[in-house]
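Peer 1: A single structure is presented below for examination.
The values are calculated or read from the model by the stated rules, or taken from the named source; none is laboratory data. The structure displayed is predicted, hence computed values, not measured ones. Backbone-built Cβ (ideal geometry, glycine too); neighbour counts: all protein chains shown.
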């Protein structure tokens, strides 16, 4: 199973299968969030949450993650 990080990178590069895998991973959370909405709005709310997730994936910048990863990688392996 690929990590969420790897799937996100592939999805950002327009890999449709990776995007679907990311959306499926978030499906339980999205459904839980939409359960708080009135029944008439539930489906619309889920669709909007998926749209926002897709937009967030495309805005994701790998440069913001690398410094943290480079710092934590040696620490993790030293333990």
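Peer 1: Look at the stretch 28-40 and say how many of its residues are surrounded by 12 or more Cβ atoms within 10 Å (Cβ to Cβ) and either without any contact (Cβ under 8 Å) to a residue 12 or more places away in the chain or in contact with a strand residue (DSSP E or B) (Cβ under 9 Å, 6 or more places away or on another chain) (or both).
Peer 2: Adding up the residues that qualify gives 1.
Peer 1: Would you mention how many residues in the stretch 1-24 are part of a helix (DSSP H, G or I) and either surrounded by 12 or more Cβ atoms within 10 Å (Cβ to Cβ) or at pLDDT below 95 (or both)?
Peer 2: 15
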